[in-house]
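What follows is a set of notes on a single structure, which appears directly below.
The values are calculated or read from the model by the stated rules, or taken from the named source; none is laboratory data. Worth saying up front: this structure is predicted, and the values here are computed from it rather than measured. Cβ atoms come from the backbone with ideal geometry, glycine included; neighbour counts cover every protein chain shown. The area values use the complete protein model at the heavy-atom level, side chains included, leaving out ligands, DNA and RNA. Shrake-Rupley method; radii C 1.70, N 1.55, O 1.52, S 1.80 Å.
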Amino acid sequence: MLAPVDSSLLRDEAYRRLRGEILSGELAPGDPLRIDELAGQLALSRTPVREALARLRDEGLVQTRPRSGTRVSPLRLDEASKALAVIGAMHELAVRSSMAGLEDCDLGQLAAAARCFEQAVKRGDHDGAIAADDEFHGVFVAVADNRPLRDTIARYMPLLRRAERLRFGTLPGRRSIVAHSRILAAAKRGDTEAAVDATRMNWASLVGQIEQTMMSDAEPEPA
């Protein structure tokens, strides 16, 4: 007899699918999210969809308000800016915490991810670049073995990635390629401070992009 499918797997699948649609823009800011319709589209029952929406609401990607129901959250660049500050700080901590524990296999993973990132940027593959960037920084997060740190990054990264895709409209550029190279070189020679500084510069490169976009959205002051 077949064992029943674990309900948590259904919830995770619903979450993964809905999150992907929101981050890609297929589900746009303000789009209504009706449980019955989503359950039908995903071929799932209402319960895993409801649980997935609750998780997405915790991440700031979905909002529920009286009389307006559940919708995809509007894109707020100020929230992305705040998320970036947290994400950058957590990645600096991950690097500082993990340097002493990096092994040859970890350095190999960093080098491979850096190559994949550079190749994806050069061919204009946004999804590939983001995946490789996550893999690169994820090596330090994994070695740091700090659950609150890992959970904090997972909590706030979607807000940043959504802003990157929907508003910035550009791939991570050569500055990120150079930053990865500097981080990797510092990690290989065991220079913690240099690795932390390069990581800080890597994430700070997005600050100007967010601020410039926010300024362009601001209404001009009356003459």
inquiry  = Per residue of segment 56-71, what does 6.51 cos²θ - 1.76 cosθ + 1.60 with θ = phi - 60° give for ³J(HN,Hα)? Whole Hz please, x for Gly and Pro, Karplus curve as stated.
reply    = 5, 5, 5, 8, x, 8, 9, 9, 10, 10, x, 6, 10, x, 9, 9
task = Quick one: pull the percent of accessible area on the chain belonging to carbon and sulfur, 1.4 Å probe, ligands and nucleic acids left out.
result = 51
note = Relative contact order as a percentage, the chain, C-alpha pairs under 8 Å and 6+ apart, gives 23
note = Which of (i) 1.92; (ii) 1.13; (iii) 1.74 is the computed Cα Rg over 2.2 N^0.38 Å? It is (ii)
query = Using 1/(1 + (r/R0)^6) with R0 = 25 angstrom and r between the beta carbons of Lys188 and Asp125, what's the FRET efficiency to the nearest 0.05?
reply = 0.40
query = Which value, in Å² rounded to 10, gives the accessible area of Met90 with a 1.4 Å probe and all protein chains present?
reply = 40
Largest-first ordering by accessible area, 1.4 Å probe, given options Glu118, Glu103 = Glu103, Glu118
remark   = For 104-110, 77-83, ranked highest to lowest by mean beta-carbon neighbours within 10 Å, the order is 77-83, 104-110
remark   = Once the dipole of segment 93-182 is set up from charges on Cβ (+1 Lys and Arg, -1 Asp and Glu), the residue from the list Val141, Met157, Cys105 lying farthest towards its positive end is Met157
inquiry  = Just to confirm, what accessible area per residue do you get for the chain at 1.4 Å probe, in whole Å²?
reply    = 56
task = Quick one: among Ser73, Ser45, Ser24, which has the greatest mean-square fluctuation in a GNM of the chain with alpha-carbon springs under 10 angstrom?
result = Ser45
request  = Taking the Cα centre of the chain as origin, sum charge times position over the Cβ atoms of Lys and Arg (+1) and Asp and Glu (-1), and report the length of that vector in debye to the nearest 20.
outcome  = 300
message = With angles folded into 0 to 90 degrees, how steeply does helix 77-98 sit against the dominant principal axis of the chain? Use alpha carbons for both and round to 10.
response = 50
inquiry  = Taking amide H atoms as placed 1.01 Å from N in the peptide plane, list the residues 5 or more away in sequence, or in a different chain, whose amide H sits under 5 Å from that of Val62.
reply    = Arg57, Ser73
